[in-house]
């Protein structure tokens, strides 16, 4: 890394920390206006964050404002680490009395839109400023992730993501000269969806505070709630169905919204990811509703409501819950555990392996089977109507292999420090897929991550980071070749 590399990375980090510091003033004002006791805490931490952010901007203001691919790897990894460090401070210095490990875990979970928490069990009585801050960092993480997925990942060629791009993308050494325009469009759509979601919640019976907070954690598919019972606190069917709709919409590629609102193109039915994503949900909801209705003491309507909400919540990696679905038996546990790995569409705020990659991998398997049956046959692999070359298919398969290997290694590390198999394997899966709840009595939908050992929490933070940044983005930074 050269001095030039350091300056642009430092300048960009300074800008992000400055934005984070400004955001801390919002819960500070809320606490101050209601005479609550966290106002000073948020204000001092805002000053602390702004000081570092502005210092980095001023000391690196002479840098070249164009970011290269090499710099993008470093900036992306450091951004989530530094933002989590500073976002954790208001939680650590608050009246919650939690350790910095727990504060960092909560901040990393928020910024990666994972939604795992160490604070459930005390949310209903928690300070309004703390609850709002959790929602804000998840909302910030969401828009950052969409921009990362649409602008950086195709250019970084991580895990076959070069298939996913705007028609006008530029993958040359200078990353997307038009990225500012794309980010502006994304921000407008993201804000618009958040406002509409919040207004819908409010008019359907949520308090204004709950509506704002849940809108800011629904659109980024984050899952933080202001209540210990998550969405189970709201017994309104209309609220739960509305949340299901907005989670589903947030799991679609945001590029489709840009094409719709700024180019007048309705490509939702043409997009292969969107079709597969919708099909998976329809099939699973139908089958699981009938199974739940037949095996549990629920009406058909109640079975449908429970099923569609929780399946959409898990496949979009939001992590809201209305019921402890793991209490319904082994079949339910297996279904939701497998959904943890899937995720929804590339270019959305969701985590997981992404439907685009799973689609290409399944076609590659089919292609190999056909070649075995017809050795002299020609079977081109197509995605979105275009032929995908073998090198790119290998990239996708390599990523999926690395994804599964990362889960295995993390699960082994968690068992090595004393976690039971169920907690370890689901904890690894939910952190790398950025889902939120795991399975089992400890970290399942009815539990939280607070009882876990300190070492386990730091390992899960690492899992959240590498999962959210598509694994390879982080690994590249730690290779010796990168630093030469």
Regarding the range 62-85, can at least one residue be identified that is free of Cβ contacts under 8 Å to residues at least 24 places away in the same chain, surrounded by fewer than 18 Cβ atoms within 10 Å (Cβ to Cβ) and farther than 27 Å from residue 478 by Cβ? no
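Anything in the range 424-445 that is farther than 15 Å from residue 339 by Cβ, in a loop (DSSP other than H, G, I, E, B) and either at pLDDT 95 or above or touching a helix residue (DSSP H, G or I) at 6+ places or on another chain (Cβ under 8 Å) (or both)? List them, or say none. Show your work before the answer.
As a first pass, look at the range 424-445 and keep what is farther than 15 Å from residue 339 by Cβ: 424, 427-428, 431, 440-443.
Right, trim to in a loop (DSSP other than H, G, I, E, B) and you get 440-443.
Across the range 424-445, the qualifying residues are 440, 442, 443.
Return yes when residue 349 is outside any helix (DSSP H, G or I), at pLDDT below 90, within 20 Å of the chain's Cα centre (by Cα) and more than 21 Å from residue 238 (Cβ to Cβ) and no when it is not.
On the way: outside any helix (DSSP H, G or I): yes; at pLDDT below 90: yes; within 20 Å of the chain's Cα centre (by Cα): yes; more than 21 Å from residue 238 (Cβ to Cβ): yes.
In short, yes.
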Regarding residue 66, is this residue assigned to a helix (DSSP H, G or I) and either under 14 Å from the mean Cα position of the chain (by Cα) or at pLDDT below 90 (or both)? no
Within the range 406-418, is even one residue in contact with a helix residue (DSSP H, G or I) (Cβ under 6 Å, 6 or more places away or on another chain) and without any contact (Cβ under 8 Å) to a residue 12 or more places away in the chain? yes
Considering the range 291-308 alone, what residues qualify as being touching a helix residue (DSSP H, G or I) at 6+ places or on another chain (Cβ under 8 Å) and not in a loop (DSSP other than H, G, I, E, B)? 291, 292, 293, 295, 300, 303, 304, 305, 306, 307, 308
All but one of (1) modelled with pLDDT of 90 or more; (2) assigned to a loop (DSSP other than H, G, I, E, B); (3) more than 20 Å from the chain's Cα centre (by Cα) hold for residue 130; which doesn't? (2)
Long-range neighbours under 9 Å by Cβ, at least six apart or interchain, first residue touching a residue at least 60 places away in the same chain (Cβ under 8 Å) within the range 42-53, second surrounded by fewer than 18 Cβ atoms within 10 Å (Cβ to Cβ): 42/25; 42/26; 42/29; 42/32
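Inspect the range 165-177 for any residue being crowded, with 17+ Cβ neighbours inside 10 Å and modelled with pLDDT of 85 or more and give the result as yes or no.
no
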Could you check the range 48-61 and list, in sequence order, the residues that are crowded, with 16+ Cβ neighbours inside 10 Å and under 28 Å from residue 101 (Cβ atoms)? 48, 49, 50, 52, 53, 56
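Modelled with pLDDT of 95 or more, in contact with a helix residue (DSSP H, G or I) (Cβ under 6 Å, 6 or more places away or on another chain), assigned to a helix (DSSP H, G or I) and over 23 Å from residue 145 (Cβ atoms), is that true of residue 25?
Numbers: modelled with pLDDT of 95 or more: yes; in contact with a helix residue (DSSP H, G or I) (Cβ under 6 Å, 6 or more places away or on another chain): yes; assigned to a helix (DSSP H, G or I): yes; over 23 Å from residue 145 (Cβ atoms): yes.
Spelling it out, residue 25 is indeed modelled with pLDDT of 95 or more, in contact with a helix residue (DSSP H, G or I) (Cβ under 6 Å, 6 or more places away or on another chain), assigned to a helix (DSSP H, G or I) and over 23 Å from residue 145 (Cβ atoms).
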Can we say residue 421 is closer than 30 Å to residue 72 by Cα and either modelled with pLDDT of 90 or more or loosely packed, with under 13 Cβ neighbours inside 10 Å (or both)? no
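Suppose we filter 203, 209 for residues that are free of Cβ contacts under 8 Å to residues at least 24 places away in the same chain and surrounded by fewer than 19 Cβ atoms within 10 Å (Cβ to Cβ); which single one remains? Talk me through it step by step, then tell me what you get.
On the way: 209 fails: free of Cβ contacts under 8 Å to residues at least 24 places away in the same chain.
Result of the check over 203, 209: 203.
Any idea which of 448, 407, 434 is under 25 Å from the mean Cα position of the chain (by Cα), crowded, with 17+ Cβ neighbours inside 10 Å and on the phi > 0 side of the Ramachandran plot?
Answer to the selection: 434.
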Among the residues in the range 309-330, are any touching a helix residue (DSSP H, G or I) at 6+ places or on another chain (Cβ under 9 Å), surrounded by fewer than 20 Cβ atoms within 10 Å (Cβ to Cβ), at pLDDT 90 or above and not in a strand (DSSP E or B)? no
Residue list for the range 246-277, restricted to those being in a helix (DSSP H, G or I) and within 19 Å of the chain's Cα centre (by Cα): 246, 247, 248, 249, 250, 254, 255, 256, 257, 273, 274, 277
Among residues of the range 196-245, those that are over 16 Å from residue 350 (Cβ atoms) and not in a helix (DSSP H, G or I), counted: 12
Please tell me if residue 149 is at pLDDT 95 or above and crowded, with 23+ Cβ neighbours inside 10 Å. no
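The values are calculated or read from the model by the stated rules, or taken from the named source; none is laboratory data. Since the structure is predicted, the reported quantities are computational estimates derived from the model, not experimental observations. Methodologically, a virtual Cβ is constructed for each residue, glycine included, from the backbone with ideal geometry; neighbour enumeration extends over all protein chains shown.
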